[in-house]
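Contents: one structure, followed by commentary.
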Protein chains: 2
Amino acid sequence: MELWTLTAARASALMAEGKLSSEDYTRAFLDRIAERDPLIRAYTWVDRQATLAWARERDREPRRSPLHGIPFGVKDVINTRDAPTQHNSPIYEGHRPGEDANCVAVLRALGAVVLGKTDTLEFAAAGRKPLTRNPRNPAHTPGGSSSGSGAAVADGMAPLALGTQTGGSTIRPASFCGIHGMKPTYGRISFEGVKHYSVHLDTVGLYGRCTDDLWLLAQAYRLTEAERLCAPSVADLRIAVCETPVWSEATDDAQAALHRAAAMLSQAGARVQALVLPESFNTLVAQQNILMHEGGRAAFLPEYLGARSKLHDDFAAKVENQMGFHAAQMREALDGVAARRVEFEQLMGGFDAVLTLSSPGEAPLGLHTQGQATFSRMWTAMGVPCINIPGLTGKTGLPVGVQLIQRRYEDERLLQVAAAVSSVFTPDGLSP
Amino acid sequence: MELWTLTAARASALMAEGKLSSEDYTRAFLDRIAERDPLIRAYTWVDRQATLAWARERDREPRRSPLHGIPFGVKDVINTRDAPTQHNSPIYEGHRPGEDANCVAVLRALGAVVLGKTDTLEFAAAGRKPLTRNPRNPAHTPGGSSSGSGAAVADGMAPLALGTQTGGSTIRPASFCGIHGMKPTYGRISFEGVKHYSVHLDTVGLYGRCTDDLWLLAQAYRLTEAERLCAPSVADLRIAVCETPVWSEATDDAQAALHRAAAMLSQAGARVQALVLPESFNTLVAQQNILMHEGGRAAFLPEYLGARSKLHDDFAAKVENQMGFHAAQMREALDGVAARRVEFEQLMGGFDAVLTLSSPGEAPLGLHTQGQATFSRMWTAMGVPCINIPGLTGKTGLPVGVQLIQRRYEDERLLQVAAAVSSVFTPDGLSP
C-alpha cells in the first residue's frame with residue numbers, strides 16, 4: 001500500500017502507536033508531488049529537504065497532538081514564516097512575510113508540518129489565474145480560488161490543506177475535485193496573517209479526504225470540544241433539501257445529482273424534506289457581491305497606491321468602486337444578510353442539516369475559468385458552516401459535490417452529520 | 001513658534017508651498033520626544049536617524065498626497081516593516097514582522113513618515129499594562145489600549161497617530177488626553193497586519209489635534225471623496241443628546257459635562273434634542289463583551305499553544321472560554337447587535353449626529369488601570385463611526401470628552417459635523 005493513500009486520521013493513529021514516522025509519511029507526499037505536480041501544478045513552492053528535516057524533528061519529539069507529524073498544504077495567500085507567500089501576484093514575487101498566519105501557527109504549534117504553498121487566483125479574489133489542473137481530468141479547472149489546495153488533497157499530494165472562502169473559494173474546489181471541504185462558521189478561525197479581501201466574509205477553509213480528517217483540523221482550531229467524531233445513525237437524521245434561489249443556474253445533471261443525493265439519504269432511512277426559502281432570500285447573492293466589493297476597496301488599497309502597474313485591473317475596479325456602491329447600499333446589504341441569518345436558522349430549526357448543491361455543475365473545461373461561486377455566496381454571506389460531501393458525479397463522470405449546512409457555531413454538529421451522510425455516498429466515507 | 005505645535009493640515013499646506021520641509025517638521029517631533037518622552041513614555045521605539053533619513057527622502061521627491069512628508073505614530077500592535085512590533089508582549093520582544101500593516105502601507109504609499117511605535121495594553125486586549133502617562137497630568141492614565149498614540153498626539157510628540165478599537169481603545173484615550181480621535185465605520189479601513197482581537201469589532205482608530213487632521217487620514221483611507229472638509233453652520237445642525245443605558249456609570253462631573261456640551265451647542269444655534277434609546281439597547285454592552293471574548297478564543301490561540309508561559313492569564317481565560325459562552329449566546333449577541341444597528345439608525349434618521357459621553361469621567365489616577373470602555377462598547381458593537389471632541393473638563397480640570405456618532409458609512413458627514421461642533425468647544429477647533 002502506498003503511504004500517501006493513508007488519511008491523516010489513520011496516519012495519526014499509526015504514529016501514536018509508533019508504527020509510522022512523520023518522515024516516512026511526509027516523504028510519501030513529497031514523492032507523489034515530484035511525480036504528479038509537473039502535470040497538476042497544485043504547488044507554487046515545495047522545499048523537499050527542509051520539509052523532511054521538519055518531519056524528522058517532529059519524530060524526535062514527544063507527540064503534541066493528533067496532528068503531530070502530519071503534513072499539510074497551505075494556500076499561497078496565507079503567510080508562512082519559512083516559505084514565500086506570493087498571492088499569485090507579481091508584486092509579491094519571492095516575498096517572505098517572516099511570520100506564520102494564525103491558522104498556520106496553530107497547526108505548527110500542534111506539531112503539524114508545512115508541506116508547501118499551493119496555487120491560487122490572484123489574492124484569492126480576481127485577476128491572474130492559477131495554473132492548477134483538476135486531478136480528475138487535467139483538461140478541466142479544479143475550481144478556485146483555493147485551486148492548489150483542493151487539487152493537492154484530491155491527488156494525494158497532501159492529506160490536509162488550508163484554503164480560504166470569501167465567495168465560494170473552498171467549497172467549489174472541493175466540489176470540482178471530489179473531496180471533503182469545510183468552510184467553518186465565520187470568525188471561528190482567525191483570519192490574521194491571511195490576505196484579506198472582505199472582512200464581512202473572509203473565512204479560512206479546510207480540506208481533507210474524509211470527515212475524520214476535517215475533524216482533526218476542527219479540533220486543532222477548537223471548533224469542537226468532543227474527543228471523537230461520533231456519526232449519528234443516518235436513520236435518525238432529518239435533512240432539508242434546498243434548491244435555493246439560484247437553482248436555475250445549475251446544470252440539469254447537477255440538479256439531478258442533488259435529487260439523487262436526497263433519494264439515497266431517504267433510502268438509507270433519513271427523513272428528507274424540501275425546504276423552500278422565502279422570496280426575501282432572493283437578494284442574498286447580490287448583497288454578498290456588494291460586501292465583497294466594498295471589502296476589496298480597503299483590502300487592495302496599499303497595492304493600488306504602491307504598485308498599480310503590477311496589479312490586475314480587476315483590483316483597480318474594486319478600489320475605485322467602479323460599481324458605484326454607496327453607503328445606503330452597504331447598510332442594506334449588511335442588514336439584509338443579518339436578517340436572513342436569523343430567518344434561515346429559524347427555518348432550519350428542526351433539521352440536522354440543510355442539503356444543497358456545492359457548485360452549479362461539474363468543473364468547466366479549461367483553465368481560463370474556475371467556475372462560479374453561485375451556490376456558496378449566500379451561505380458565506382450568512383456566515384454559516386458548510387461542508388462539501390463528495391461521491392456524486394455529473395454527466396461526464398466528473399464530481400458534483402453537495403454541501404451540508406448548519407446554524408452558526410454548530411460546526412461540531414455539522415461534522416457529525418457530515419460523517420453520517422458521507423458514508424451514504426461513498427462506502428468507506430472516503431473521497432473517491 | 002515651535003514647529004511641533006503646527007497641525008498636520010497646516011504643515012501640509014506649508015510643505016505644498018515649499019515653506020516647510022518634512023525633515024524640519026519631523027525633527028521638531030523627534031526633539032519633542034527626546035524632551036518629553038522620558039516622562040510620558042508614549043513610545044516603545046523611535047529611531048531618530050532612520051526617521052530623519054526617511055523625511056529627507058520625502059523632501060527630495062515630488063509630493064504624492066497631502067500627507068507627503070507628514071510623520072505619524074503607530075500603535076505597537078500594528079505591523080511595521082522597518083520597526084519592531086512587540087504588542088507589549090514578552091513573546092514578541094524585538095519581533096520584526098517584515099511587512100507593513102495595510103493601514104501603515106497606505107500612509108507610506110502616500111508619502112507619510114513613520115515616527116515611532118507607541119505603547120499599548122498587551123495585544124490591545126488585556127494583561128500587561130502600558131507605561132504611558134497622561135500628558136495633562138502624569139499621575140493619571142492616558143486611557144487605553146491606544147495609550148501611547150493618544151498621549152503622543154496630546155503632548156505634541158506626533159501630529160497624527162494610529163490606534164485600534166475593539167471596546168473603547170481609541171475613543172477613551174482621546175477623551176482622557178483631550179484630543180480628537182476617530183473610530184471609523186467598522187471594516188472601512190483594513191485590519192490586515194494588525195493584531196486581531198475580535199473580528200466582529202476590531203477597527204483601526206485615528207488621532208489628530210483637529211478635525212482637519214482627521215480629515216487628512218480619512219482621505220488617505222478613502223472614507224471621504226470630497227476634496228475639502230466643509231463644516232456646516234452650527235445653526236443648521238440637529239443634534240440628539242443620548243445619555244445611553246450606561247448613564248448611571250458616569251461620574252457627576254461627566255454627566256454635567258455632557259449637559260454643558262448640549263447647552264453650548266444649543267446656545268450656538270443648533271437644535272438639540274434628547275434621544276432616549278429603547279430598552280432593547282440595554283443588552284448591547286453585554287453582547288459586545290460576548291463578541292469580544294469569542295474573538296479572543298481564536299485570536300490568541302497560537303500564543304496560548306506556543307508560548308503559554310509568556311502569556312498573561314487573561315488570555316488563557318479567553319482561549320479556554322472560561323466565561324463559558326456557548327453557541328446560542330453567540331448567535332444571540334450577533335443578532336441582537338445587528339437588530340440594534342437598524343433600530344439605532346432609524347432613530348437617528350433626522351439628526352446630524354448623536355452626542356454622548358466618550359468615557360465615564362476624567363482619567364483615573366494611577367497607571368494600574370486605563371479606565372473603562374463602557375461608553376464605547378455599544379457603538380463599537382454596532383460598527384458606527386464615532387469622533388471624540390475635546391474641550392470640556394471634569395471636576396479636577398482634566399479632559400472629559402464627548403463623542404459624536406453617525407450612521408455606518410457616513411464617516412464623511414460625521415467629520416463635517418464634528419468640525420462644526422468642535423469649534424463650539426474650542427475657539428480654534430484645536431485640541432486644547
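The values are calculated or read from the model by the stated rules, or taken from the named source; none is laboratory data. Computed from a prediction, not measured in an experiment: that's the story for all the values here. Ideal geometry is used to build each Cβ from the backbone, glycine not excepted, and the neighbour counts take in all protein chains shown.
Could you tell me whether A:Thr224 is part of a loop (DSSP other than H, G, I, E, B) and polar (S, T, N, Q)? Step through it out loud before you land on a result.
Values: part of a loop (DSSP other than H, G, I, E, B): yes; polar (S, T, N, Q): yes.
Yes.
Confirm whether A:Arg27 is touching a Gly at 6+ places or on another chain (Cβ under 7 Å) and of a type outside the set (Asp, Glu). Full working, then the answer.
Details: touching a Gly at 6+ places or on another chain (Cβ under 7 Å): no; of a type outside the set (Asp, Glu): yes.
No.
Report whether or not A:Met382 is farther than 23 Å from A:Ala125 by Cβ, within 14 Å of chain B (Cβ to nearest Cβ) and either of a type outside the set (Lys, Arg) or surrounded by fewer than 23 Cβ atoms within 10 Å (Cβ to Cβ) (or both). It would help to see each step written out before you state the result.
On the way: farther than 23 Å from A:Ala125 by Cβ: no; within 14 Å of chain B (Cβ to nearest Cβ): yes; either of a type outside the set (Lys, Arg) or surrounded by fewer than 23 Cβ atoms within 10 Å (Cβ to Cβ) (or both): yes.
In short, no.
Restricting to the range B:72-90, and then to whatever is under 20 Å from B:Phe300 (Cα atoms) and in a strand (DSSP E or B), can you tell me which residue is farthest from the other protein chains (Cβ to nearest Cβ)?
By that ranking, first place goes to B:Lys75.
Taking A:Thr396 as meeting all but one of (1) surrounded by fewer than 23 Cβ atoms within 10 Å (Cβ to Cβ); (2) touching a strand residue (DSSP E or B) at 6+ places or on another chain (Cβ under 6 Å), write down the number of the exception.
Here A:Thr396 clears every test but (2).
Evaluate the following for B:Thr380: is it hydroxyl-bearing (Ser, Thr, Tyr), touching a Phe, Trp or Tyr at 6+ places or on another chain (Cβ under 7 Å), outside any loop (DSSP other than H, G, I, E, B) and within 17 Å of B:Gly167 (Cα to Cα)?
Values: hydroxyl-bearing (Ser, Thr, Tyr): yes; touching a Phe, Trp or Tyr at 6+ places or on another chain (Cβ under 7 Å): no; outside any loop (DSSP other than H, G, I, E, B): yes; within 17 Å of B:Gly167 (Cα to Cα): yes.
Here the answer is no, as B:Thr380 does not meet what is asked.
Please go through (1) within 16 Å of the chain's Cα centre (by Cα); (2) within 14 Å of chain A (Cβ to nearest Cβ); (3) of a type in the set (Ser, Thr, Tyr) for B:Ser65 and return the number of the only condition it doesn't satisfy.
Of the numbered conditions (1) within 16 Å of the chain's Cα centre (by Cα); (2) within 14 Å of chain A (Cβ to nearest Cβ); (3) of a type in the set (Ser, Thr, Tyr), the odd one out for B:Ser65 is (1).
Mind telling me which of the residues B:Thr374, B:Thr393, B:Thr380 ends up being in contact with a Pro (Cβ under 7 Å, 6 or more places away or on another chain), modelled with pLDDT of 95 or more and over 11 Å from B:Arg172 (Cα atoms)? Full working, then the answer.
On the way: B:Thr374 fails: over 11 Å from B:Arg172 (Cα atoms); B:Thr380 fails: in contact with a Pro (Cβ under 7 Å, 6 or more places away or on another chain).
Of B:Thr374, B:Thr393, B:Thr380, the one residue that is in contact with a Pro (Cβ under 7 Å, 6 or more places away or on another chain), modelled with pLDDT of 95 or more and over 11 Å from B:Arg172 (Cα atoms) is B:Thr393.
Given the structure, is A:Gly205 in contact with a helix residue (DSSP H, G or I) (Cβ under 6 Å, 6 or more places away or on another chain), closer than 15 Å to A:Val77 by Cβ and more than 9 Å from every other protein chain (Cβ to nearest Cβ)?
Values: in contact with a helix residue (DSSP H, G or I) (Cβ under 6 Å, 6 or more places away or on another chain): no; closer than 15 Å to A:Val77 by Cβ: yes; more than 9 Å from every other protein chain (Cβ to nearest Cβ): yes.
No; evaluated as a whole, the condition is false for this residue.
Mind listing just one residue for me: the one in the range B:179-202 that is within 14 Å of another protein chain (Cβ to nearest Cβ) and charged (D, E, K, R) and, of those, farthest from A:Ile189 (Cα to Cα)?
Applying the filter and picking the extreme gives B:Arg188.
Are any residues in the range B:301-333 touching a Leu at 6+ places or on another chain (Cβ under 7 Å) and either more than 9 Å from chain A (Cβ to nearest Cβ) or in contact (Cβ under 8 Å) with a residue 60 or more places away in the chain (or both), and if so, which ones?
Pass one, the range B:301-333, residues touching a Leu at 6+ places or on another chain (Cβ under 7 Å): B:303-305, B:319, B:333.
B:Glu303, B:Ala333, listed by residue number.
Please give the number of the condition B:Thr224 fails out of (1) touching a Pro at 6+ places or on another chain (Cβ under 8 Å); (2) among the polar types (S, T, N, Q); (3) surrounded by fewer than 24 Cβ atoms within 10 Å (Cβ to Cβ).
Among (1) touching a Pro at 6+ places or on another chain (Cβ under 8 Å); (2) among the polar types (S, T, N, Q); (3) surrounded by fewer than 24 Cβ atoms within 10 Å (Cβ to Cβ), B:Thr224 violates only (1).
Quick one: which residue in A:Leu115, A:Leu14, A:Leu6 is modelled with pLDDT of 95 or more, farther than 30 Å from A:Arg308 by Cα and in contact with a strand residue (DSSP E or B) (Cβ under 7 Å, 6 or more places away or on another chain)? Can you show your working first?
Details: A:Leu14 fails: in contact with a strand residue (DSSP E or B) (Cβ under 7 Å, 6 or more places away or on another chain); A:Leu6 fails: in contact with a strand residue (DSSP E or B) (Cβ under 7 Å, 6 or more places away or on another chain).
Checking each option against the conditions leaves just A:Leu115.
When both residues are 6+ apart or on different chains and their Cβ atoms are under 6 Å apart, which pairs have a first residue that lies in the range A:254-278 and is assigned by TED's automatic domain parsing to the domain that holds A:Val400 and among the basic types (Lys, Arg), and a second that is modelled with pLDDT of 95 or more and not in a helix (DSSP H, G or I)?
Going by the 6 Å Cβ cut-off, the qualifying pairs are A:Arg271/A:Arg238.
Does any residue of the range A:27-50 turn out to be among the hydrophobic types (A, V, I, L, M, F, W, C), within 30 Å of B:Ala101 (Cα to Cα) and in contact with a helix residue (DSSP H, G or I) (Cβ under 7 Å, 6 or more places away or on another chain)? Spell out the reasoning first.
Step one: filter the range A:27-50 for residues among the hydrophobic types (A, V, I, L, M, F, W, C), giving A:28-30, A:33-34, A:39-40, A:42, A:45-46, A:50.
Checking the rest, the ones that are also within 30 Å of B:Ala101 (Cα to Cα) come to A:42, A:45-46, A:50.
So of that shortlist, the ones also in contact with a helix residue (DSSP H, G or I) (Cβ under 7 Å, 6 or more places away or on another chain) come out as A:42, A:46.
There is at least one residue in the range A:27-50 that is among the hydrophobic types (A, V, I, L, M, F, W, C), within 30 Å of B:Ala101 (Cα to Cα) and in contact with a helix residue (DSSP H, G or I) (Cβ under 7 Å, 6 or more places away or on another chain).
Out of curiosity, is A:Ser431 surrounded by fewer than 23 Cβ atoms within 10 Å (Cβ to Cβ) and under 25 Å from A:Gly156 (Cα atoms)? Write out each step before concluding.
Working: surrounded by fewer than 23 Cβ atoms within 10 Å (Cβ to Cβ): no; under 25 Å from A:Gly156 (Cα atoms): yes.
In short, no.
Being more than 14 Å from chain B (Cβ to nearest Cβ) and either more than 19 Å from the chain's Cα centre (by Cα) or surrounded by 21 or more Cβ atoms within 10 Å (Cβ to Cβ) (or both) is true for just one of A:Gly296, A:Gly349, A:Gly366. Which residue is that? Before you say what the answer is, go through the steps one by one.
Working: A:Gly296 fails: more than 14 Å from chain B (Cβ to nearest Cβ); A:Gly349 fails: more than 14 Å from chain B (Cβ to nearest Cβ).
A:Gly366 is the lone residue from the list that is more than 14 Å from chain B (Cβ to nearest Cβ) and either more than 19 Å from the chain's Cα centre (by Cα) or surrounded by 21 or more Cβ atoms within 10 Å (Cβ to Cβ) (or both).
In the range B:277-366, which helices (runs of 4 or more DSSP H) lie fully inside it and hold 3 or more residues that are acidic (Asp, Glu) and farther than 22 Å from B:Gln86 by Cβ?
Working: elements: B:284-299, B:301-307, B:313-319, B:327-347.
In the range B:277-366, the matching helices (runs of 4 or more DSSP H) lie at B:327-347.
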